[in-house]
Amino acid sequence: MMSTIRRLLRRLLGRDPLSRLRANGLITGRNFFMQDSCLIDASHCWHIRIGDDVTLGPRVTLLAHDASMRQALGKVRLGRLEIGSRVFIGAGAIVLPGIRIGDDCIIGAGSVVSADIPAGSLAFGNPARVMGSTADYLERQRQLMAGSPVFDERYTLRGGVTTAMKEEMNRQMQNGPAFID
């Protein structure tokens, strides 16, 4: 709830970094969501295009420039960064300049994406590598979900989760993961 209030205040006060990035040329599709502490390359944001239904986990970094050779060669390398639709990029991932991530991809937390990721891929690691298909991963999760506890919106901070509910969740997760609606 506090992060929602903070985002609203930043927008009302003209301090919303996403609004500034869009005003400077960042293109984002419908239903774009980025969690707290994401860094989108403000100095070259007009080279970044993000599709529909994209979520960036906390602390994701999207770069459109590489200044590593500036001192030695006097130049900064630029590259377009394109993220397709229906993409999830996990917490702490870094996407380097010149990369294309196709539609329907999941990029694992902490990954460093230094090569293109084809549509429909599950990729993770440093450097990120395709480890399977998004469809196969989601099917495995559906099967796991069938025998796991599932909690509703009441079990979130915005839903008013209580101490007793938190303890219940932890008890039910002693033997494996749970899911939340």
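The values are calculated or read from the model by the stated rules, or taken from the named source; none is laboratory data. The structure presented is a predicted model; accordingly, all values stated were derived computationally and were not measured. As a convention, Cβ positions derive from the backbone with ideal geometry for all residues, glycine included, and neighbour counts pool all protein chains shown.
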Query raised in the report: Within the range 153-167, restricting attention to residues that are assigned to a loop (DSSP other than H, G, I, E, B) and either touching a residue at least 24 places away in the same chain (Cβ under 8 Å) or not assigned by TED's automatic domain parsing to the domain that holds residue 180 (or both), which residue is surrounded by the most Cβ atoms within 10 Å (Cβ to Cβ)?
Result: 156
Query raised in the report: Could you list, in sequence order, the residues of the range 33-50 that are buried (at least 20 other Cβ atoms within 10 Å of the Cβ) and more than 18 Å from residue 97 (Cβ to Cβ)?
Result: 34
Report task. Mind telling me which of the residues 22, 86 ends up being basic (Lys, Arg), in the same structural domain as residue 125 (by TED's automatic domain parsing) and either part of a strand (DSSP E or B) or out of contact with any Asp or Glu (no Cβ under 7 Å at 6 or more places or on another chain) (or both)? Result -> 22
Report task. Please tell me if residue 119 is in a loop (DSSP other than H, G, I, E, B), free of Cβ contacts under 8 Å to residues at least 40 places away in the same chain and either aliphatic (A, V, I, L, M) or touching a His at 6+ places or on another chain (Cβ under 8 Å) (or both). Result -> yes
Report task. Go through the residues of the range 55-68 one by one and say whether even a single one is crowded, with 17+ Cβ neighbours inside 10 Å, at positive phi, within 10 Å of the chain's Cα centre (by Cα) and assigned by TED's automatic domain parsing to the domain that holds residue 128. Result -> yes
Query raised in the report: In the range 75-91, what count of residues is obtained for those that are modelled with pLDDT of 95 or more, farther than 18 Å from residue 39 by Cβ and either touching a Cys at 6+ places or on another chain (Cβ under 6 Å) or not hydroxyl-bearing (Ser, Thr, Tyr) (or both)?
Result: 2
Requested in this report: Say whether the condition of being without any contact (Cβ under 8 Å) to a residue 12 or more places away in the chain, among the aliphatic types (A, V, I, L, M) and in contact with a helix residue (DSSP H, G or I) (Cβ under 9 Å, 6 or more places away or on another chain) is met by at least one residue in the range 132-146.
Outcome: no
